C-alpha cells in the first residue's frame, strides 16, 4: 500500500511537471511562433533566425520541427516551406523528416508513460473516438499508414492517439514517417522552387496537393462515416 502511494505521488509529480513544461512551451514558443507563421513577414523572421545559426541551422530547424509535433497546435506546413527555402529540396526534406521522427518518438514515449490524461490535454475523448478504426487490432498498422498518408487529417493530433493502441514504437515511427514523407517532400520542394523563382513548379506542386487533399477529404469522410455506421 505504501509503495503504491509512493508510485502515485511520483507519477502525479511527473504529470504536474510535464503539464508545467507544456504550459511554458505554449506561452514561450507556441503563441509567438504561431503568430509568426501566419504572416509572410513572420516567416521571413523565422527564416533569418534559423539561418543565423550557420552550420547549426539544420539542428535548430529539426528541433523546431520536433517542437511543432510535440506541441501539436503549431501548423507544420509553413515550416516545411521554410526548410525548402533554407536548405533546398533534398536537404530540406531530410532535416524536416529528422525533426518529424524525433518529435514523433518523444510524443510516443510521453503518451506511453502518462497515458490518456496527457492526450486529453490536446484532444477531447469525443474526438479520439472518431478514429475508432484504430481499435481494429488486426489491421492497426494498415489504418495508421492510411490515416497518416491521407491529406487533411491532423497528423500531430493523431500522433498522440496512436500510442494509446497496442502498436509498438518502432513500427509506428517507421509507418508514420513513410506515410508523412510525400506531403512533407511536396511542401519542402515547393519552398525550394519559390526561393529559386521556379514559380511554375510551385503551381504544379500546389495543384497536385490540392487534388490529393480533395481525394483525401473524400476518403477520410467515407472512412469515418463507415465506422460510425458500424459503431
Look through 153, 184, 211 and report the one residue that is at pLDDT below 80, under 17 Å from the mean Cα position of the chain (by Cα) and on the phi < 0 side of the Ramachandran plot. 153
Matching residues, region 165-176, being buried (at least 16 other Cβ atoms within 10 Å of the Cβ) and outside any loop (DSSP other than H, G, I, E, B): 172, 173, 175, 176
Report, by residue number, each residue of region 84-111 that is within 16 Å of the chain's Cα centre (by Cα), surrounded by 21 or more Cβ atoms within 10 Å (Cβ to Cβ) and touching a residue at least 40 places away in the same chain (Cβ under 8 Å). 93, 96, 100, 103, 104, 107, 108
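Do we have residue 56 as modelled with pLDDT of 80 or more and over 18 Å from the mean Cα position of the chain (by Cα) here? Steps first, please.
On the way: modelled with pLDDT of 80 or more: yes; over 18 Å from the mean Cα position of the chain (by Cα): yes.
Spelling it out, residue 56 is indeed modelled with pLDDT of 80 or more and over 18 Å from the mean Cα position of the chain (by Cα).
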From the option list 114, 22, single residue qualifying as surrounded by fewer than 19 Cβ atoms within 10 Å (Cβ to Cβ), closer than 24 Å to residue 165 by Cα, more than 14 Å from the chain's Cα centre (by Cα) and at pLDDT 70 or above is 114
I'm trying to understand the selection: among the residues of region 142-152, which are farther than 18 Å from residue 97 by Cα and touching a helix residue (DSSP H, G or I) at 6+ places or on another chain (Cβ under 6 Å)? 143, 152
Here is a check on your reading of the model: is residue 206 surrounded by 16 or more Cβ atoms within 10 Å (Cβ to Cβ) and either modelled with pLDDT of 70 or more or in a helix (DSSP H, G or I) (or both)? no
So residue 48, is it surrounded by fewer than 17 Cβ atoms within 10 Å (Cβ to Cβ) and modelled with pLDDT of 80 or more: no
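The values are calculated or read from the model by the stated rules, or taken from the named source; none is laboratory data. This is a predicted model, so every value here is computed, not measured. Because the Cβ atoms are built from the backbone with ideal geometry, glycine has one as well, and the counts that use them run over all protein chains shown.
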